[in-house]
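Asker: Structure incoming, see below.
None of the figures in this text is laboratory data; all of them are computed from the coordinates on show. Just so you know, these numbers come straight off a predicted model, no measurement behind them. Every residue, glycine among them, receives a Cβ derived from its backbone with ideal geometry; neighbour counts consider all protein chains shown.
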Amino acid sequence: MTQPQLIFHIGAPKCGSSTLQTALTHMPDLTGQDGQKYRYVSTLVQSSAAARVPFTLTPVYGAALTQLGRSSAYGYTGFPNISDARMYEKCTDGIRMAYSKGRRKNHIPILSNEGWIHRHSEFAGILKSLGNPPVDVVAFLRPPVEWLNASYWQWGVWTTPNLQAWMQRSGIPYSFGMDLKAWSSISNVRLRVYPSKPDIVAYFAGLYGLSLPSGRESNRSSPPALIGFFLRNRRFRPHAHQPATEFIFQRWCPKLNTRQPWAVGSAHVLGYRPVVQQNIQFLREILTPTDCTRLFAEPRWLAETPYHAELLAGPTPLDNPMDLPPLLDSLEQGILNAGGTVKTRPRPPMTADLAVWDAVVADAIDQLIMCDLRQRQRGPSLSFVANFLDRIRDAYKGKKVMS
């Protein structure tokens with residue numbers, strides 16, 4: 001296949017996407033070892049807000065893109081997902097502009113959204129409208145049971161009392177093998193499928209001969225004590241799709257030496273087994289033997305034995321008072337790392353109720369959020385974004401008057 005004219009990183013969700021998007025946000029303009037230019041492309045308006053804006057999602061590049069990411073609580077930026085017909089039209093226009101500019105300026109655009117792995121039918125139409133140019137579709141995957149556990153802590157725990165209830169409510173559509181098979185059927189698409197660990201950024205950079213620093217892991221699992229605190233204090237984590245405070249914690253606070261949250265039991269693994277086997281079969285059908293060997297080298301893909309220790313230990317408790325002093329230590333160090341001064345109230349005794357401890361932790365998190373905001377407001381980033389948004393609105397109004 002010839003060199004791609006577009007690169008889509010399509011996820012999958014909970015497979016290192018935030019880490020890759022952070023690296024690309026900080027270094028959006030890249031040159032391969034062969035001299036080929038690459039440009040990471042985003043849009044000014046992000047996520048659900050993109051569906052509400054009345055104007056086209058104009059692509060953002062270079063320093064403007066980096067400033068946009070630095071001003072965000074998440075620390076990165078990317079292309080919006082396609083949630084409905086309106087967003088399909090907006091994203092189609094944005095992708096068409098990015099593609100056309102890449103052809104004119106002789107660079108390969110890189111676009112990323114971790115939810116695009118499910119949007120193969122929409123992209124079949126988008127690519128057809130572009131004349132089906134050669135496109136690389138890059139996906140990163142993690143073992144299914146591990147993914148199930150991580151996904152519950154990312155989304156399910158905020159709406160359901162346990163994993164079983166979430167599985168029954170959502171159906172847990174683990175369909176990445178089927179999704180990638182659908183992507184592979186689109187004309188002129190080349191799949192590049194890699195494991196998400198140990199270093200998603202290094203894998204992506206290696207595909208195109210890029211020098212892209214890996215940086216810090218983003219959107220890793222939060223410690224159980226922090227999840228428990230958020231569940232008891234929902235103003236910091238109102239719902240499943242508003243994890244900004246977790247990103248702030250991870251950006252500044254030292255990682256706790258604690259067991260990672262675990263929710264999967266033996267019955268879940270047994271019930272999950274048929275869909276796992278089906279998706280693995282689809283992956284074997286569409287990937288080369290080399291790709292399969294690399295992906296399935298992690299024993300957790302094909303065997304359940306590596307999960308036995310966690311299965312025997314059972315679900316992670318979220319309300320252990322002994323976990324709160326280390327959490328507070330981490331938060332206070334995070335405040336210092338973010339350039340602040342710790343001003344929390346005195347620590348209560350270990351025998352104090354969780355509500356008393358929560359009040360002290362809440363003080364620390366409020367301080368950390370303010371320190372993070374001050375750091376992100378430094379420099380021209382926010383005024384730049386505001387001015388850029390005004391220019392786009394003016395252009396949109398002018399376009400309406402002319403029409």
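Asker: Go over the candidates A139, A124, A85, A73 one by one and state the one that is surrounded by fewer than 18 Cβ atoms within 10 Å (Cβ to Cβ) and within 15 Å of the chain's Cα centre (by Cα).
Answerer: The unique qualifying residue is A73.
Asker: Separate question: Hey, could you check segment 289-317 for residues that are in contact with a helix residue (DSSP H, G or I) (Cβ under 9 Å, 6 or more places away or on another chain) and among the polar types (S, T, N, Q) and say which is surrounded by the most Cβ atoms within 10 Å (Cβ to Cβ)?
Answerer: Out of the qualifying residues, it is T316.
Asker: Suppose the filter is touching a Phe, Trp or Tyr at 6+ places or on another chain (Cβ under 9 Å), assigned to a loop (DSSP other than H, G, I, E, B), farther than 30 Å from L324 by Cβ and in contact (Cβ under 8 Å) with a residue 40 or more places away in the chain; does L207 pass it?
Answerer: Against the criterion (touching a Phe, Trp or Tyr at 6+ places or on another chain (Cβ under 9 Å), assigned to a loop (DSSP other than H, G, I, E, B), farther than 30 Å from L324 by Cβ and in contact (Cβ under 8 Å) with a residue 40 or more places away in the chain), L207 does not qualify.
Asker: Shifting gears a bit: Where residues in segment 330-354 are part of a helix (DSSP H, G or I) and touching a residue at least 40 places away in the same chain (Cβ under 8 Å), which of them is farthest from the chain's Cα centre (by Cα)?
Answerer: L354
Asker: Let me ask something additional. Is it the case that some residue within segment 31-47 is surrounded by fewer than 21 Cβ atoms within 10 Å (Cβ to Cβ) and in contact with a Gly (Cβ under 6 Å, 6 or more places away or on another chain)?
Answerer: Yes, because at least one residue in segment 31-47 is surrounded by fewer than 21 Cβ atoms within 10 Å (Cβ to Cβ) and in contact with a Gly (Cβ under 6 Å, 6 or more places away or on another chain).
Asker: If you don't mind, there's one more thing I want to ask. Does segment 275-288 contain at least one residue that is surrounded by 15 or more Cβ atoms within 10 Å (Cβ to Cβ) and touching a strand residue (DSSP E or B) at 6+ places or on another chain (Cβ under 7 Å)?
Answerer: Yes; the residues of segment 275-288 include at least one that is surrounded by 15 or more Cβ atoms within 10 Å (Cβ to Cβ) and touching a strand residue (DSSP E or B) at 6+ places or on another chain (Cβ under 7 Å).
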